[in-house]
1. Are any residues in region 18-44 over 13 Å from the mean Cα position of the chain (by Cα), open to solvent by 20 Å² or more (accessible area, probe 1.4 Å), in contact (Cβ under 8 Å) with a residue 12 or more places away in the chain and closer than 18 Å to residue 538 by Cα, and if so, which ones?
2. Is it the case that some residue within region 5-13 is of a type in the set (Val, Ile, Thr), at negative phi and modelled with pLDDT under 90?
3. Answer yes or no: is there a residue in region 501-513 that is free of Cβ contacts under 8 Å to residues at least 60 places away in the same chain and in contact with a Pro (Cβ under 8 Å, 6 or more places away or on another chain).
4. Hey, which of the helices (runs of 4 or more DSSP H) in region 127-187, taking only ones fully inside, have at least 3 residues that are closer than 29 Å to residue 277 by Cβ and open to solvent by 80 Å² or more (accessible area, probe 1.4 Å)?
5. Those residues that are over 15 Å from residue 349 (Cα atoms), touching a residue at least 24 places away in the same chain (Cβ under 8 Å) and surrounded by 15 or more Cβ atoms within 10 Å (Cβ to Cβ), I need them from region 367-402; list them, please.
6. Kindly indicate the residue of region 1-17 that is acidic (Asp, Glu) and surrounded by fewer than 15 Cβ atoms within 10 Å (Cβ to Cβ) and also nearest to the chain's Cα centre (by Cα) among those meeting that condition.
7. Output the residues belonging to region 45-57 that are open to solvent by less than 40 Å² (accessible area, probe 1.4 Å) and without any contact (Cβ under 8 Å) to a residue 60 or more places away in the chain.
8. State whether one or more residues within region 535-556 are without any contact (Cβ under 8 Å) to a residue 60 or more places away in the chain, more than 26 Å from the chain's Cα centre (by Cα) and assigned to a helix (DSSP H, G or I).
Amino acid sequence: MAGRIRDEDVAHVREHSHIDDVVGDYVQLKGAGGGQKKGLCPFHDEKSPSFHVTPSKGYFHCFGCQTGGDVIAFLMKLEHLTFTETVERLAERIGYQLTYDSSGPSTPGINRSRLVAANLAASKFYQEELIKPGPAQVGRDFLNGRGFDRTAADQFGVGYAPDEWDALYKHLTSLGYTEIELNTAGLIKEGSRGNFIDRFRNRLIWPVKDISGDVVGFGARKLASDDKDQGPKYLNTSETPIYKKSQLLYGLDIAKKEIAKKRQVVIVEGYTDVMAAHLAGVTTAVATCGTAFGDDHIRIIRRLLMDDDAFRGEVIFTFDGDAAGQKAALRAFDDDQKFVAQTFVAVAANGMDPCELRQSGGDEAVRDLVARRVPLFEFAMKSVIADYDTKTPEGRVSALNQVAPLIGKIKDASLRPEYVRSVSAWLGMEVDVVSTAVKKSGSRSSTASPTPEMQSSVNLKDPILMLEREVLKVKLQVPELAAAWSELEPQAFSYEPYAALRARIDESADQAISDLLDRTQDEQIRSLITELTVEPVRTDGEISERYIQSIFARLREVALSREIAEIKSSLQRLNPVENEAEYTETFTRLVGLEAQRRTQKELAIGEAL
């Protein structure tokens, strides 16, 4: 798209994109009082929510990592978009048509909305191909053989990629999409002859959506035999500007509300497992997209669960009953240390996955699988013990040496003694022996130093800094009531970042916060602006004129006291006989400042901090 987006359009999009709605697509927000909402920060790992959103102001701020800004800044940072891509995405969300200034510089590259639109068009093409008679029958047979009818296919947008070299390519180019756009979106690839061909051929197709519901890529299952197609059984969209498999969970767009509501997420292994689980009533099921469950997935789940130290919520992993599934469970055990939610494993006794269970036992079998979940700790330990012959002393000792570190990893310290007793029973060993082994394994792993907690750069308990902070918050949040701002002494703010922000505000001549942010390059000051815009003013009820008068007067009193102390110090160094004129002038100034201080002190009485 040539040209820059008009400033009026940017302002309209910013004003009409409700920040709590946009943030709510990624973070479970809860009321925090004072018209604010809070949740777990999407920009860093944390146990307790320090991410605040103020809908009335249109700003967010994390008091943990100091990231903040408006709705545009939020989406830019989280989705790694350019400014133009972000505005276009928000405009599309609210149904607003942007206009571009053709006189401005052209914007290089491909915008995100075009890539999303191309993927959506491809998804519709694949779905239409699935219902056509002829070659697509093999795809319909595959679905029917796994218990999915036409309604189920439509519900999940399942489609079929024709067994042709360029069917999708021809269709999308006829709609106006360029080869560069389609190649960037991962829908086509360069063939051996230098021409472009479809990435997916003769495969069943599942559209992969991001958390907001945009189609960003696809998962594809081979339908031909290995003799005819030597390609992988499952093929996914390659990494693109909008498809990051480590940050995507299939089914999350339809499961996110139920996950937040039920405080439960069921992690399955494949697309058909997600379909089977949802159709069976397990509406919190999601799956990774051709990659292992990793740190980015954990962060996504934690934000939806509002995971904290209260051990609330459930994360349930389903694995096949084979050796690979047990290995996945042990890997998940390590991941559990990054979850505070209770973590469980659901494995069918016959080793079936949710899709196979639904075929053999119906919807109830899938629900029973989840209901019969066992704690991940128990499953992992029993899986380890099963590898040893516990009938022999050597086998029991070897098993204990492997299990002891797992007990030491349990985050909830109150659970460790319980598992010590359980393991002692499973191995037929004395409790003291198991307990000693756990302690030894813990001492070996305790050499690593703990990660230091982030510390605030401001001592919020310092009453003077609290006062300075309050005055800045009032100026940013209710500038119309901050009439006394211009009367503040030049050195009213003793903390350097506060003083710098004061100078920036004065230079901006009462501009809106969005303009203030746009004109501020220093990231520390930008962060401080959003932080103070979001942080509630420390007063009960409405912010009254009397309260504002009192804190401004109190800050002036403090500033005047500071200046008075300096003048008294200089008077002590002056000889009233040798420097009579200077002494008299300084003393007269001191008397005047003392009078001003008394006035400010009287104004501050009653509601001062």
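The values are calculated or read from the model by the stated rules, or taken from the named source; none is laboratory data. Predicted, not measured: the structure shown is a model, and the values here were computed from it. So basically every Cβ, Gly included, is an ideal-geometry build from the backbone, and we count neighbours across all protein chains shown. The area values use the complete protein model at the heavy-atom level, side chains included, leaving out ligands, DNA and RNA. Shrake-Rupley method; radii C 1.70, N 1.55, O 1.52, S 1.80 Å.
1. 32, 33, 34, 35, 37
2. Looking for residues that are of a type in the set (Val, Ile, Thr), at negative phi and modelled with pLDDT under 90, one finds at least one in region 5-13, hence yes.
3. Within region 501-513, one or more residues are free of Cβ contacts under 8 Å to residues at least 60 places away in the same chain and in contact with a Pro (Cβ under 8 Å, 6 or more places away or on another chain).
4. The helices (runs of 4 or more DSSP H) meeting that bar are 150-155.
5. Listed by number, the residues that qualify are 375, 376, 377, 378, 380, 381, 384, 385, 390, 396, 399, 400.
6. Among them, the one singled out is 15.
7. The answer is 46, 50, 51.
8. Yes, that holds for at least one residue.
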